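*Asks:* This structure is in structure tokens; I'll ask about it shortly.
The values are calculated or read from the model by the stated rules, or taken from the named source; none is laboratory data. All figures in this text were calculated on a predicted structure; none of them were measured in a lab. Note that we place each Cβ from the backbone using ideal geometry, even for glycine, and neighbour counts take in every protein chain shown.
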Amino acid sequence: MQGIQKVLDNFNIKELNPMQLASIEAAKKHNDIILLSPTGSGKTLGFLIPVLNYLRKEKEGVQVLIIVPSRELALQIEQVFKQMSTGYKINCCYGGHATKIEKNNFEHPAAVIVGTPGRIAYHIRRESFDVNNVNTIVLDEFDKALEFGFQTDMSFIIGELRNVKHRILTSATKMPDVPAFTGIKKPIELNFLPHELERSPDLKLKYIKSVSRDKLDALIGLICKLGDKSTLVFCNHRDSVERISEVLWKKGIANGIFHGGMDQDDRERALIKFRNGSHYVLVTTDLASRGLDIPEIEVIIHYQLPLTQESFIHRNGRTARMNAKGVAYLLLSEADTLPEFITEAPSPEGLPTKNTLPQPAPFTTVYIGAGKKDKVNKTDIVGMLLKKGELNKDDLGLIEVLDHTSYVAVAREKAEEVIKRIKNEKIKNKKIKIEISK
């Protein structure tokens, strides 16, 4: 298998985990693989390393197509592949991204394309790239893609691929049958799902009884008790997310929101602020339960009880990952009863008699109106902020550079002053917009 040691070095890891090793070995002997593995288990490398061996330097055009259910997952896979430093090019296609940019990218097509079903189908219908060169297809988070209703687009895409030799399907849940449209026949199944799906071994399950039916007072009390712990608050409906977030802001608790009804840019900005520590709390639907790069989440709060066992598993799977510990809280009103699939009895948790609001996060997010497509990189941004902005290295947190925008975590008490210092500065000889991110 090509370049495994290089991949290990690039990710600063000593060895691959058993799931990744099994996937690599299976790819040597089987054309079709079904990989069952929970979120956060390193599944992306588990299929990208075998994919690397299917690529050929002498071939032109798109050789590998990776279909994913969300823009965030597409971008995450793109980042992982780039970090592998394979020498092959990868491009992203997804709804909300400018089609003009994507069409321009296809003038010199990447060997690997990762994208959402609707956008990939769009490009195939318009013959943006030659499908005859595609020899490998990956259906990542396939169960989630079906749940989101992407079967028609996926069926169309796969039906247009005439020369596929290798198929990899990944899923965080076991399906009774794999749909025929996938073209998967006689696959080897690698099942790395835990036997006890109800909870992670390092996850503590607790509950809080609310005296009010809407449970908002209990939620506020719990967030105040948690302080600066990174927390996901799960709801079943978008309107609940919006309502709860608004109440929290009115109470002085900064938070972000994430759900499928938001614009892609707003969703991405919310994740960035949560990742970089500008917000400790993200209120979300089950959309955030799978396939997102949100590390080091300490607490899960089920504001509304999950509707299915799968939802419960994947919500809880956002914490207690990769040897870490986490806590999941169930907020229960007097009328709530635990679903049958929650088989472990949660332990009770008390709330303080007086709430103390969490202190503001040490960082805030600064928006910079330039990105990768403007030839701007992290080094350019750091140089400007340290030299012209007069910041210390400790004043900077996570920096994320997107196509035409960048976001930087800056020490909260210094953000306003640094923006005043650099508001007339240029990056790559171009004056750009710089402000506190909205």
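*Asks:* Could you please let me know if THR284 is over 23 Å from GLY42 (Cα atoms), under 18 Å from the mean Cα position of the chain (by Cα) and either buried (at least 23 other Cβ atoms within 10 Å of the Cβ) or touching a residue at least 40 places away in the same chain (Cβ under 8 Å) (or both)?
*Replies:* On the way: over 23 Å from GLY42 (Cα atoms): yes; under 18 Å from the mean Cα position of the chain (by Cα): yes; either buried (at least 23 other Cβ atoms within 10 Å of the Cβ) or touching a residue at least 40 places away in the same chain (Cβ under 8 Å) (or both): yes.
In short, yes.
*Asks:* Given (1) assigned to a loop (DSSP other than H, G, I, E, B); (2) in contact with a strand residue (DSSP E or B) (Cβ under 9 Å, 6 or more places away or on another chain); (3) under 30 Å from ASP394 (Cα atoms), where does GLU334 come up short, assuming only one miss?
*Replies:* Failed condition: (3).
*Asks:* Right, another one. Within segment 15-28, restricting attention to residues that are within 24 Å of the chain's Cα centre (by Cα) and over 15 Å from ASN191 (Cβ atoms), which residue is modelled with the lowest pLDDT?
*Replies:* Going through the qualifying residues, I end up with GLU15.
*Asks:* Return the total of residues in segment 85-128 being part of a helix (DSSP H, G or I), within 20 Å of the chain's Cα centre (by Cα) and buried (at least 19 other Cβ atoms within 10 Å of the Cβ). Walk me through it before giving the result.
*Replies:* Initially, segment 85-128 is screened for residues part of a helix (DSSP H, G or I), giving 99-105, 117-125.
After this cut, where a residue has to be within 20 Å of the chain's Cα centre (by Cα) as well, the list is 117-120.
Retained after the next criterion (residues that are buried (at least 19 other Cβ atoms within 10 Å of the Cβ)): 117, 119-120.
Residues flagged as part of a helix (DSSP H, G or I), within 20 Å of the chain's Cα centre (by Cα) and buried (at least 19 other Cβ atoms within 10 Å of the Cβ) within segment 85-128 amount to 3.
A quick yes/no check of all residues on (1) closer than 26 Å to VAL410 by Cα; (2) modelled with pLDDT under 95:
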position: GLY221; (1), (2): no, no
position: GLU242; (1), (2): no, no
position: ASP265; (1), (2): yes, yes
position: ARG269; (1), (2): yes, yes
position: GLY277; (1), (2): yes, yes
position: VAL283; (1), (2): yes, no
position: ASP286; (1), (2): no, yes
position: SER289; (1), (2): no, yes
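*Asks:* Name every residue in segment 147-164 that is assigned to a loop (DSSP other than H, G, I, E, B) and without any contact (Cβ under 8 Å) to a residue 12 or more places away in the chain, in order of residue number. If you could, list the steps in order and put the result at the bottom.
*Replies:* Taking segment 147-164 and keeping what is assigned to a loop (DSSP other than H, G, I, E, B), we get 148-150, 161-164.
Correct list: GLY149 only.
*Asks:* Which numbered condition trips up ILE208, out of (1) surrounded by fewer than 19 Cβ atoms within 10 Å (Cβ to Cβ); (2) touching a Phe, Trp or Tyr at 6+ places or on another chain (Cβ under 7 Å); (3) of a type in the set (A, V, I, L, M, F, W, C)?
*Replies:* The one condition ILE208 does not meet is (1).
*Asks:* For residues that are among the aliphatic types (A, V, I, L, M) and in a loop (DSSP other than H, G, I, E, B), scanning just segment 165-195, find the one that is nearest to ASN31 (Cα to Cα). Lay out the reasoning, then the answer.
*Replies:* Initially, segment 165-195 is screened for residues among the aliphatic types (A, V, I, L, M), giving 168-169, 172, 175, 178, 180, 184, 188, 190, 193.
Filter again for in a loop (DSSP other than H, G, I, E, B), leaving 172, 175, 178, 184, 193.
Numbers: ALA172: 21, MET175: 20, VAL178: 16, ILE184: 9, LEU193: 22 Å.
Only one residue tops the list, namely ILE184.
*Asks:* Could you give every pair whose Cβ atoms fall below 8 Å, whose first residue belongs to segment 372-394 and is under 16 Å from LYS414 (Cα atoms) and in the same structural domain as GLU417 (by TED's automatic domain parsing), and whose second residue is in a loop (DSSP other than H, G, I, E, B) and of a type in the set (A, V, I, L, M), counting only separations of at least 6 or pairs across chains?
*Replies:* LEU385/LEU391
Table: residues versus (1) touching a helix residue (DSSP H, G or I) at 6+ places or on another chain (Cβ under 8 Å); (2) outside the structural domain of LEU75 (by TED's automatic domain parsing); (3) farther than 25 Å from GLU310 by Cα; (4) free of Cβ contacts under 8 Å to residues at least 60 places away in the same chain.
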{"site": "PHE181", "(1), (2), (3), (4)": "yes, no, no, yes"}
{"site": "TYR207", "(1), (2), (3), (4)": "no, yes, no, no"}
{"site": "GLY221", "(1), (2), (3), (4)": "no, yes, yes, no"}
{"site": "ARG238", "(1), (2), (3), (4)": "no, yes, no, yes"}
{"site": "TRP249", "(1), (2), (3), (4)": "no, yes, yes, yes"}
{"site": "GLY252", "(1), (2), (3), (4)": "no, yes, yes, no"}
{"site": "ALA270", "(1), (2), (3), (4)": "no, yes, no, yes"}
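*Asks:* Considering LYS373, LYS354, which residue is assigned to a helix (DSSP H, G or I) and basic (Lys, Arg)? Show your work before the answer.
*Replies:* On the way: LYS354 fails: assigned to a helix (DSSP H, G or I).
Exactly one residue qualifies, and that residue is LYS373.
*Asks:* Take the residues in segment 406-417 that are under 13 Å from TYR367 (Cβ atoms) and not polar (S, T, N, Q); name whichever of them is surrounded by the fewest Cβ atoms within 10 Å (Cβ to Cβ). Steps first, answer last, please.
*Replies:* Residues of segment 406-417 that are under 13 Å from TYR367 (Cβ atoms), as a first pass: 406-410, 415.
Right, trim to not polar (S, T, N, Q) and you get 407-410, 415.
On the way: TYR407: 24, VAL408: 29, ALA409: 25, VAL410: 27, ALA415: 22.
Once the filter is applied, the top-ranked residue is ALA415.
*Asks:* Still on this structure, please answer the following. Can you find a residue that is farther than 30 Å from ILE427 by Cα, at pLDDT below 90 and touching a helix residue (DSSP H, G or I) at 6+ places or on another chain (Cβ under 9 Å) anywhere in segment 367-386? Working first, answer last.
*Replies:* Here is the first cut: in segment 367-386, the residues farther than 30 Å from ILE427 by Cα are none.
Within segment 367-386, not a single residue is farther than 30 Å from ILE427 by Cα, at pLDDT below 90 and touching a helix residue (DSSP H, G or I) at 6+ places or on another chain (Cβ under 9 Å).
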